[in-house]
Each structure stands twice: as C-alpha cells, then as structure tokens.
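Below is one structure; the comments refer to it alone.
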Amino acid sequence: MTKTSKLIIVGDSAFAQVAFEYFTHDSPYEVVAFSVETDYLKRDSLFNKPVIAFERLEQSFSTQEHHVYVAIPYTQLNRLRTRLAKSAKQKGYRLASYVSSDARVWRNVQIGEHCFIFEQNVVQPFVRVGNNVVLWSGNHVGHHSVIEDNCFISSHVVISGFVEIGANCFLGVNATIINNIKVGKDCWVGPSATITKDAPDGTLYRPPRVDVAPISSLTFCDIRS
C-alpha cells in the first residue's frame, strides 16, 4: 500500500507495537516515531524508530506533516487515551484512524476520528461509532447501534441491534448485549457477561467466577497413565 502520510504512535507498550504492525502493513501511514510522556521514557528507540518525549514532540516533528495515533488501551476507563489524544490535537496534530482491510464495515456506517478497528469486525448498516473508539478483533456490532466516544470493545463481543453504548465504556471478551439495550456511560462489562436490561451510568458487571473442581482433569477424563 502506498504510504501517503507520516504517523507518530503515542505509546510503546503492547498495543503500540501491535498498532505499528497494522499501520505499517495495512494502511497509507508510515510510522516514523513513537512517543511517551517523559516519566515513562525508558528507551531511545522501538522497531528502529525514535521514541520521543510527548511533551516535546512538536519540537522534533512538524504538526503540519504528521498525524498521531494514541495506542493506549482502556486504562482509567479510557481516560488516559482520551487525554493524550486531546493533548495531541491541541498541539496541532491531526488524529489518525485505522480500519482493517479485513473488517466488514457497511457502507453507511459513521466512524468518528481516532478509531482503531481490527480484523474480522462486522459492523452492520446504520451503526454510528464515535471518536476515540477501539474495536479489537472479531466483534459483531448490530444494525442501528451507537457506540459513543472513548469506548474500548475487546474481542468477540456481540452488540445486538438498536443498542446504545455510552461514553468511556469497556466491554470484555465475549460479552453480549441483547437488542434495544442502553448501556450508560462509564460502565465496565466483564468477560462473558450478558446484559439483558438497561445499565445505569457507572455500572460494573462481573461475571460469575468459575471454580476449580475438586478433582483433576486427568481423573475426570479417566486417564490413569
């Protein structure tokens, strides 16, 4: 893919490294640097690209010639990613988005700025995705649903039709939201949780714990050798 824009990735941890791969091999962006806040600056380079203090970023990389993507996960219910993206925009940088070439995003889906949509996502007609949203791999977002700003949807989540997900929410792996449900802002939906009624702002859903059985798997399967 022809590279038409230069990109700085904010962050240098796992998400930043994954984002580097996707932007490098499946986007028109050329990653030229990484950046972290000074207190977290522990290395000079990553993937042969410089790691620059975020506070001094514009001194090294022109705001007119570079885009920024903040590759920070759901830390502080997405507030860290939100803060750094806002700060980068205030500096004058344009915010980048990534939509995988292997994602199924219907033609009339609305996607805001600074979003990251991984492979195997299915996003159906009339969906609206706000700003600063991450859809990790393999999710289903049903028709007419809305995901508000600053959300993180992990893998294999099912968001059914006519669902509203409020700002700053986190949805864990294999979570399911049935049709016509409104999830308020700042909600944490744990792995495999199934939501069948509206969730007030700030609700925490923790799925039932899976207990360890009193016998081993070998005994259960009658393996004696």
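Checked against (1) of a type in the set (S, T, N, Q); (2) closer than 27 Å to Asp186 by Cβ; (3) touching a Lys or Arg at 6+ places or on another chain (Cβ under 8 Å), Thr63 passes all but a single condition, namely (2).
Can you list the strands (runs of 3 or more DSSP E) lying wholly within the stretch 29-98 that have 1 or more residues being under 17 Å from His114 (Cα atoms)?
Working: elements: 29-36, 49-53, 66-70.
It comes to 29-36, 66-70.
Is it the case, given these coordinates, that Asn132 is within 22 Å of Asn108 (Cα to Cα) and either assigned by TED's automatic domain parsing to the domain that holds Thr196 or part of a strand (DSSP E or B) (or both)?
Working: within 22 Å of Asn108 (Cα to Cα): yes; either assigned by TED's automatic domain parsing to the domain that holds Thr196 or part of a strand (DSSP E or B) (or both): yes.
Criteria met by Asn132.
Ile181 - would you say it is assigned by TED's automatic domain parsing to the domain that holds Cys115 and either without any contact (Cβ under 8 Å) to a residue 40 or more places away in the chain or surrounded by fewer than 18 Cβ atoms within 10 Å (Cβ to Cβ) (or both)? The answer is yes for Ile181.
The values are calculated or read from the model by the stated rules, or taken from the named source; none is laboratory data. Note that the structure is predicted; figures quoted are calculated from it, not measured. Reconstructed Cβ throughout: ideal geometry from the backbone, glycine too, with neighbour counts over all protein chains shown.
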